[in-house]
Every structure is written in structure tokens, then in C-alpha cells.
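Before any comments, here is the structure.
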Amino acid sequence: MFSSNLKRGSMELLILSVLDRQTRHGYEIGKLLEHRSSGQLEFRVSTLYSVLYRMEKRGWIKGRWVEKKGERRRCYYTLTKKGQEVLARQRREWAAFSAMVNQVIGVSHA
Amino acid sequence: MRDWKSYLRQRLSLPEMEGHWDERMISELADHLEDIYREALARGASEEEAEAEVEAWLGDADLAADELVRSEPAHARAQLSRWAEGREEGMRSRGGPWTHLADGVRDVRFAMRALAKRPLFSAVVVLVLALGIGATTAIFTLLDAIILSPLPYDDAERLVSVSHTAPALGIQNAGQCAAWHFTYEDENRVFENIGMYTPSLATVTGGGEPEAVRILWVTSGVFRALRLRPVVGRIFTPEDEEVESPNVVLLGYGYWQSRFGGDPGVVGQTIEANAQTWEIIGVMPAELQSLGSNRLLIFPLRYDRSTLFVGNIGFGGVARLRDGVTLDQANADVARMMPLAFEKFPGGPVADFSERARYTPNIQPLKDSLVGSVANLLWIIMAGVGVVLLIACANVANLFLVRSDGKETEMAIRSAMGASRGRIGWEYLKESLSLGVLGGVGGLALANIGLDALVAAGPANLPRLDEVSMNWGVLAFALIVSLGAGAFFGMFPVLRHGRAAPVQALKEGGRSGTTGKRRQRAQKALAVSQMALALVLLIASGLMLRTFVSLWKVDPGFHNPDNVLALRLYLPPNEIADPAGVAATHERIARRLAEISGVQSVALASAVPMDGNSNVNPLYVDGFDYTGDQTPSIRRHKWIGGGYLETLQIPLLLGRTLTWQDVRLRAPAVLVSESLAREYWGSAQAALGERVSVRSEPPRWYEVVGVVADVREDGLGQDPPLIVYWPQVTLAFWEGDPPDQVRTWRDMGYAIRSDRIGTVGFLDEVRAAIWEINPNLPVRGLQSLEDLMGQSIARTSFTLVLLAVAAGVALLLGIVGVYGVISYAVSQRSRELGLRMALGAQAGQVKRMVLRQSLVLAGFGVAIGMGLAFGLTRLMAGLLFGVSPLDPVTFVAVAAGLTGVATVASYLPAHRAAAIDPMKALRTE
């Protein structure tokens, strides 16, 4: 439903928010995005992981291989301190941006 | 779990990635796909349907692979590496010598990869090298532009300056005069073209405030000799040099840009200068600046040949030698023509003197006459930064020696497997050369920044500063220095490991034993050499510092120069025609300036001390015999108004000063300097009442009424000249003047003493006071006497600052070197020191042992440095003042200081040694 540009531009914010206060692996992240968006956000596997690796390179998240009892060895991602700051900042920017766009195009809240 | 890894490897063509990222990606994606598959099965899908769902989530395989490759952390680096690999393959496929080039590209690639794995080490080395190479390149750029490059003219090595000497009068470079110039132009056999020129000043009006501009008077031969073409319009022709020809002028390039906006339509416009109208006929290129910087207007010299005589010497001369003519031949031909000048242009007020002065030709390469005096200074600074580079290389060599330990085993294995010594050596060198080149790139960036600062801070009298720029020669120099530095410090591990037998090296594993001892000796030798070189540089800058201090301590002859403002005013003939009027106007202006609030006194003089203006002429002294071969000596002359001594606070030793009364009455009274009094009459006392004259037929005697203290007119570093102070206005002063001829100077210097110098608004009040008398007078040369003093030692200050900075960097690098060696030695000896302490050695004893080791190193470094300094500081003798090149105080102080600093730098490792835990040290392998 949404254009790929719009999805791509907000992917980092979406992933950061999903990792807020919680460690998750890649499949979990994808499923959560799909679930919270009521099925409107679906990403190719390669797209999801390429964004995860980029964010890891920037130091926003950290990936760690963990073997839990009875489970396969998985790579779990956590927000770093820097990632938390980025999340807070991007949340503020998104709120301000969306309010401004709504104002310009004349969309008001119910 | 299905084998999704194989599935992914088949579908996605991921390249091999650094740090096995490809493996990680495959693993994670495989897990993800497994989850998708299981979820599909859990919903009731068949295996085929579940697989289709996995395919759908993966999407386009090529797109997926591209996305993943781009997200890899070392993607950019990997892209570069792949590009280089591609080029390398291309070269190899061509065969022949291209294969060697391909090998070179591969070696550089691997070297860069190895350096990237140790980013801190590489960064430190590149920074240290960049400092050394940058400093050396910046100074070389100055040297290249000022000393090494030819002048910016066609066939510049054929250009000569035409001047004369009078050794009997002690004049090295008297210059040229019109009579000689025209004689050489008509009669020579050696010059293709010859010209004459003189720098001067003109008042330009018609555009708001009157403007004093720097100008050049030239004959048309100057352009022909230099082979200069105008940028627009035309240059002077011989017709323009005829006395009655129309007024024409050329614009200097800078003036054309700044005042006329570079408009080519400027030809045909007019300009008002020196109260006359001049038609602009063209614009000269910027290269003309070599003859005198920042000359805004160029006027034609015009002479009525019938009035010329051999005299009024002081012009500049330039000529182009004919092909095949040598300097000796040129000098000989000029010597032949000099007597002809007296025949072609006989008579004149100084003919007799000129003939008896026995001038001789002084034809030398034009470049030498323009830049010769500054060459020594630049070479010394170049040597200084060269020393910094050597120390930087020694520092890096030490780092390389330490690092090469880790490679010893690897090299031993290579050697055992058949690699030649050359191949092993190349393994070390390719890294060091790569670092050298990276350091060179960093150095070029630093040099660019440093050069801007150097050119801005350089003394105004440094010639050819406007020609300083980075060119291909400088880039080539930087490349050679970078590769040389890389080869130098890369050789150390090569020499060390090249000799070690593989078996021995493999056994020792690079820890201790013979190779360890050799490494330590090499490191100590490097540390000692760094200290020695740093000492030489520190002594050199110490000597310059003492020179600077000596210069500032010199008694200039005047006092409290910070409260004296100097300026110059020129009264043009169209404003005031007659000399009496000129003198009266100057006096009016001086008195008006004295009325400004806060002004204590005002002086008037043809030259204020150290303002660069001076007048020299023969001086006849009553009672001395000037018949036969005896010629009067050339002395310095100054014309002053009332209040000169009081304003400049020059002590009057005996007699009285000159007053405005003397000026108005044209009194035949003079003051002389103390050294002139001693020279002629044995003492200041004996000079009072004696008589002097500048003319001899007949002489017009002036009585010495006062003797004043010597003044260093030419700068703090120059001896005070023997000088006569004449009244501002004189009668029948020069040879041939009729008895009622009033003489004075239109261009006069003013000195204003006030506590308000440097305060806001004072300069405006000064200008307003002058313009109240005459609004058309441009005020020039406004600066304090203290600034003039500073400018007189500008070159010394410049050299001092550069050497001090170089010495500071050298000291830092040298101390870091010593610290590094001692620190490393302690870490290598930790087991031994631990054992000593376990056997009863006290912490204090261990500390003293380490400090003693450092003192020995410092001692050797200082001793060798002193030896080097003894030999090298003599080369600086020309730059020093008031201090000998072997000054013991400087040598001892610097040696003691450096030893102290080295000891302090070793304190930390010594402290660490004393804090070693014996049990831990003994347990460590």
C-alpha cells in the first residue's frame, strides 16, 4: 500500500522502535513490524538485514550470537546507548514532520 | 533444518568478504528462511507451498545480493580493492613489462591492507611523517620560487643587472646613471638590449582622496631587454622618451585589476598624476614586479641629452646579453665604454669627483642582484627543517623495528621456503614506502596551509614572494622525499632480519637472544641520533634568540620610539612652485601638527631613522687636501628642521642644536654625528667650529655647531653611519649653484612625538591637520618608529620563528624517541628486573638503573650533537649579531636543558620498572 520510498525512509526508525528496551533477532523484528502495522509493512529479507547491518556499522545497534537452551544459535540485536539517542531524536523529528505535513495538506485529526 | 545455506549460496552470488561477513549473512538469512518455512508449515501449507513462500520473501536474487553487498561494513574498501584487482588482471593479461607493474599494484594493495589492520600505528607514522615532509616541502617551495627558479622572463639566464662599484669609496653597488646608460646603449658590443629604471612615488588625484602610489620610471629598453609584451595596448617606444612627447603612462597589472576592474577599454583613458594628465596606453603583465614589487604605474624616463653629465648615480640597470657573450666580456666592454661617457657627456657639477672616484663595472646575473642576500637565510632554514625530517624518520624507524618483531617468524618461514633476501626485504619495504607516500600526501596538505601562513608572515623585503606557489617541481620533490623517507626507515628491519638465519629466528621466536640485542642496539642508535640532531637545531635557534635579544638591546640612538609617529609628505611643483614656498609650507604643517592635543613635539627631516630613505654624497672637510688622487669620502647627509633632536630624543653631546631660526635665516650651520667627529678631528670636542661642504669649486662652508650621538639609521643590526645634519633650507648648496639658489626637499619625513600614538582617532586628526594646510597632499608611510625598528630586523625575526618552531618539533620528536626506547627496553627487561627485585634489589635501585640508562643515551646524543653543532653553526655566522656561532653559554645551556628533559621523559618508564611485581614478571613467558 505504501510507496517503497516512504517505507525505506522510515525503516530505521521502525526497527529502532521495535528494539526499544528489548533484544530481538532478525525474524522477530520482521514479524513485529508486520504485526504492529496490521500487515501493511512487509520487507524483503535482504532489505531488512541490509538495514540492520548498516545500523550496526553506525553503532546504533549491536548484534550478538546467542545459543539459548533448546533453540538454534541466533544473532540477537540490542539498541546501544547511541541508538537510544538516535531513536529519541528520530521520534521527535517524525512527530514534528508529520504534524507539519498534515497542516500543509489540510489533514486534521479526528 | 533444511539446508538453506546451500540454497542461499546457489541463489545469491555473494563475493568473499572481509572478516567473513558473507558467512554471517548466509547464516542469519538461513535462520530467517527456516523460520518462514516452519511458520508456513505450521499454518498447514505443504512443503512445496512453504518453499514458494520462502522464495517470495527472498525476492529477486540479484537485487537481494546487491543490497547485502552494499551493506557490508568494508564495502567501500572492498570496492576499491576489487577495482584494483580488475586493473591488475588487465595488466597481467597484456604480459611483458606490464606483469611487473601488475605485481607492483598487487604489492601496494596488500601493503595498504596490512596497514589498515593496524590503524593506530599507521596513523601515528603518517602524522609524524606528514609533519616532517610538510615542513620540508613548504620551505622548499619558498626556496624554489625565490632562489632556484629562473626569473619569469624569456631566457632569463641571459639577463644581467648593470651597475657600478667604487671600491675606493667603499661603495659596492652604486647603480646606474643616464649618461652611462646612453653611452652603453650607443656604443656597446655585448648587449642585445639595455634599459634603465628607478622606483619612485607619485600623487594620483581625481578620485577622492589624493593617493600616493608606488611607481616605476623606465626607458623603453627595459621592456625589450625583458621581452615583455603588454597585456593590452602598447609599450613605450623611443619616441615616447623624447622630452616634448605627449604624456603617456602604463598601468601595472595589479592596479589595472584593482582600480579599473581589469577593463581592456582602459587604453585611451587618462589619469591625473603629479598634477599632470597622462594617457593610458597599455597594461604591463605581472612579471614586471620582479624589478620592484607592487608598482602601480609605469612612466617613461625622458632626458634632454644635452643636459646630461656623469653623475646622479643610483638608477637600476638591466640588459640582455647577446648570444655567446659571457659576464667577463660584458664587464670588459663596459669598462671600455666608461671613459667614453665623460667624452659624450662632459662637464656637470660632479664630473671631477666622478672621474677621480674610479668607478668600475659591476655586471652580474639579474637574479643574483635581486635575491642574492636572502639565499643564505633560506638555505639555513631548509637545513633546519631537513633535520626535523631526519628526526621524524628516526622516530618512525624505531616504531618499525619494534613492529617488525611480529613479522620475524613469518619472514623466517618464507626464507626457509626459498624466498630470496631481496623478496624478504621487499616485504618490509612495500609497507614503509606506502606509509612514506601517505605521509607525503598528508605533508603536502600541511605544506599548503603552512605556505599561506609563511607568505603572509614573511618580511616585506623578501623578494619574489608573489611568485611562491606549488608547482610540479615541488610535487616531484615531495614524492622523492616521501619515497626516500620510506626507504630509510624501511631499511632498518631489512638490515636486521636480512642477516638472521631462518633456523635461529624460528627457534627464538623473535623474543630474546642475538636478534633482540641487535634490535636494541639499533633502537638506541636511533634514539641517540635523534637527540644529537635535536640538539643541533636547539642550539641554532638558541643562537638566533640571542641575536634577536642583542638586536633589541642595541641603543638605536633615539629613545622611546613607541611614542613617535613617522609619515612622509611630498609637495608637488604644481602646488608650490618655489623652494622657499616649499620650505615655508613644510614648516607650517609641522607647527600645525604640534598644535594637536597630546602632541609634545614635531620634527621635520629628509629621512626619519630606519624609514629606508637616505642620501649620500661626497663631503669636503676644511683643512683636508683634495688635490691629486685624494677624493672626498662619501658620507650620509640629512636635512632637518627645528626640534629634530628633541622629538627623536637623540642626545646632543656638545654645542647646540639646529633651530627653525637657522632654517629661516639659511644659516651655514650643521650638526655632525659623534663618529664623524672622531673620524675627521679625533674627538667630539675638536669638531666644534670646524667647517664642511658638499661642493668644492668654490666650497660653501658650513660650521659645525653641535655634535650628536650616533644613530643606527639603517637598522638595529647595521653600524651607525657617519652623518652630517644640514638645515632644511640651504643656499647655493650644490656644485654649480648660483649664490642665491635656494635649495630644499619637496619630499620630507615628519616625526610626531605624542602619548596618543596608537589611540583611536589620532591618525585622523593628523591627516585633518595636514589637509587644513593643503587638501591635495597624500599622507604616506604612517607608522610608529617602533614598527620601523621591528621591520629593520624583520628577516632575523622570520628566521628565528621558523628555526624555533622546527627546534620545538625536533625536541618533541626526540624526547618521544628516547621515551619510546627506554619504555620498550623496560618492557623487554621486565622478567630480568623482576628477578633482580625478587633477589633483593630495591625499587629505588631499579629506578636509578633505568634513569642511568637514559642518561647514558642522552649523554651520547648530547656529545655527538655538540660535535655536529661546533662544525655547523659557523655557517650561520652571517645571520648572527652580538653572539658568536660557538657561544659557550648557548651550547652549555641547551645541552643541560636537553639532558634534563630527557631524564624527565624517562621518569615514567623508570617508575613503571620500579613498580614491577616480581612474581608476575617471573611467571610471564
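The values are calculated or read from the model by the stated rules, or taken from the named source; none is laboratory data. Computed from a prediction, not measured in an experiment: that's the story for all the values here. Quick reminder, even Gly has a Cβ in these numbers, built from the backbone with ideal geometry, and neighbours come from all protein chains shown. Side chains are part of the model used for accessible areas, which takes the heavy atoms of the whole protein and leaves out ligands, DNA and RNA. Shrake-Rupley method; radii C 1.70, N 1.55, O 1.52, S 1.80 Å.
Just a few scattered comments:
- Residue check, B:Leu803 open to solvent by 10 Å² or more (accessible area, probe 1.4 Å) and in a helix (DSSP H, G or I): no
- Some residue of segment B:731-750 being touching an Asp or Glu at 6+ places or on another chain (Cβ under 8 Å), open to solvent by 30 Å² or more (accessible area, probe 1.4 Å) and at pLDDT 95 or above: no
- Search result, residues across segment B:690-720 that are open to solvent by less than 40 Å² (accessible area, probe 1.4 Å), out of contact with any Pro (no Cβ under 8 Å at 6 or more places or on another chain) and not in a strand (DSSP E or B): B:Gly715, B:Gly717, B:Pro720
- Single residue of A:Val101, A:Val86 found to be farther than 27 Å from B:Arg11 by Cα, part of a helix (DSSP H, G or I), of a type in the set (Val, Ile, Thr) and open to solvent by 30 Å² or more (accessible area, probe 1.4 Å): A:Val101
- Within segment B:784-799, the set of residues being open to solvent by less than 50 Å² (accessible area, probe 1.4 Å) and under 19 Å from B:Leu451 (Cβ atoms) comprises B:Ala794, B:Ser797, B:Phe798, B:Thr799.
- Test for B:Leu250: is it of a type in the set (A, V, I, L, M), part of a helix (DSSP H, G or I) and under 25 Å from B:Pro463 (Cβ atoms): no
- When residues of segment A:29-42 are limited to those that are buried (at least 18 other Cβ atoms within 10 Å of the Cβ) and more than 9 Å from chain B (Cβ to nearest Cβ), the one farthest from B:Asp35 (Cα to Cα): A:Leu41
- Top-ranked residue of segment A:54-63 - restricted to ones that are open to solvent by less than 50 Å² (accessible area, probe 1.4 Å) and in a loop (DSSP other than H, G, I, E, B), ranked as farthest from A:Glu12 (Cα to Cα): A:Gly59
- Flag if B:Ser71 is open to solvent by less than 60 Å² (accessible area, probe 1.4 Å), of a type in the set (Ser, Thr, Tyr) and either within 59 Å of the chain's Cα centre (by Cα) or modelled with pLDDT under 90 (or both): yes
- Among (1) open to solvent by 60 Å² or more (accessible area, probe 1.4 Å); (2) within 12 Å of chain A (Cβ to nearest Cβ); (3) not polar (S, T, N, Q) - the single one B:Val54 does not satisfy: (1)
- Checked against the criterion of being within 27 Å of B:Ile773 (Cα to Cα), in contact (Cβ under 8 Å) with a residue 40 or more places away in the chain and charged (D, E, K, R), segment B:599-616 contains one or more residues that satisfy it.
Here's the yes/no breakdown for (1) assigned to a loop (DSSP other than H, G, I, E, B); (2) buried (at least 17 other Cβ atoms within 10 Å of the Cβ):
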| position | (1), (2) |
| --- | --- |
| B:Glu272 | no, no |
| B:Glu279 | no, no |
| B:Gly282 | no, yes |
| B:Gln289 | no, yes |
| B:Arg295 | yes, yes |
| B:Arg302 | yes, no |
| B:Arg320 | no, yes |
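- Output for segment B:621-642, where each listed residue is over 36 Å from the mean Cα position of the chain (by Cα) and open to solvent by 20 Å² or more (accessible area, probe 1.4 Å): B:Asp622, B:Gly623, B:Phe624, B:Asp625, B:Tyr626, B:Thr627, B:Gly628, B:Asp629, B:Gln630, B:Thr631, B:Ser633
- Among the residues of segment B:738-774, those that are touching a residue at least 12 places away in the same chain (Cβ under 8 Å) and either in a loop (DSSP other than H, G, I, E, B) or hydroxyl-bearing (Ser, Thr, Tyr) (or both) comprise B:Thr744, B:Trp745, B:Arg746, B:Tyr750, B:Ser754, B:Asp755, B:Arg756, B:Ile757, B:Gly758, B:Asn774.
- When the criteria are applied in full, B:Gly425 fails the requirement of being modelled with pLDDT under 75, of a type outside the set (Ser, Thr, Tyr) and assigned to a helix (DSSP H, G or I).
- Of all residues in segment B:848-855, none satisfies being in a helix (DSSP H, G or I), touching a residue at least 40 places away in the same chain (Cβ under 8 Å) and under 30 Å from B:Phe548 (Cβ atoms).
- No other residue among B:Leu80, B:Leu127, B:Leu120, B:Leu101 is surrounded by fewer than 20 Cβ atoms within 10 Å (Cβ to Cβ), closer than 30 Å to B:Ser404 by Cα and in contact (Cβ under 8 Å) with a residue 40 or more places away in the chain apart from B:Leu127.
- Residue ID - modelled with the highest pLDDT, chosen from residues in segment B:339-363 that are open to solvent by less than 20 Å² (accessible area, probe 1.4 Å) and not small (Gly, Ala, Ser): B:Ile363
- For segment A:64-82, the count of residues that are assigned to a loop (DSSP other than H, G, I, E, B), open to solvent by less than 80 Å² (accessible area, probe 1.4 Å), away from chain B (no Cβ under 13 Å) and among the polar types (S, T, N, Q) is nonzero.
- Of all residues in segment B:400-420, those satisfying the criterion of being surrounded by fewer than 20 Cβ atoms within 10 Å (Cβ to Cβ) and either outside any helix (DSSP H, G or I) or touching a residue at least 24 places away in the same chain (Cβ under 8 Å) (or both) are B:Val402, B:Arg403, B:Asp405, B:Gly406, B:Lys407, B:Thr409, B:Ile413, B:Ala416, B:Met417, B:Gly418, B:Ala419, B:Ser420.
- Residue among B:Ile815, B:Ile757, B:Ile793, B:Ile770 that is closer than 24 Å to B:Ser673 by Cβ and of a type in the set (A, V, I, L, M, F, W, C): B:Ile793
- Residue within segment B:106-117 that is under 30 Å from B:Phe400 (Cα atoms), open to solvent by 20 Å² or more (accessible area, probe 1.4 Å), within 14 Å of another protein chain (Cβ to nearest Cβ) and in contact (Cβ under 8 Å) with a residue 40 or more places away in the chain present: no
- Only one of the listed residues (B:Val468, B:Val474) is closer than 30 Å to B:Asp787 by Cβ, β-branched (Val, Ile, Thr) and either in contact with a helix residue (DSSP H, G or I) (Cβ under 8 Å, 6 or more places away or on another chain) or open to solvent by 70 Å² or more (accessible area, probe 1.4 Å) (or both). That residue is B:Val468.
- Selection from segment B:9-49 of residues that are aliphatic (A, V, I, L, M) and either more than 17 Å from A:Gly26 (Cβ to Cβ) or more than 10 Å from chain A (Cβ to nearest Cβ) (or both): B:Leu14, B:Met17, B:Ile26, B:Ala40, B:Leu41, B:Ala42, B:Ala45
- Among the residues of segment B:251-275, just one is polar (S, T, N, Q) and in contact (Cβ under 8 Å) with a residue 60 or more places away in the chain, namely B:Asn274.
- Segment B:751-783, residues that are open to solvent by 10 Å² or more (accessible area, probe 1.4 Å), of a type in the set (Val, Ile, Thr) and touching a helix residue (DSSP H, G or I) at 6+ places or on another chain (Cβ under 9 Å): B:Ile757, B:Ile773, B:Val779
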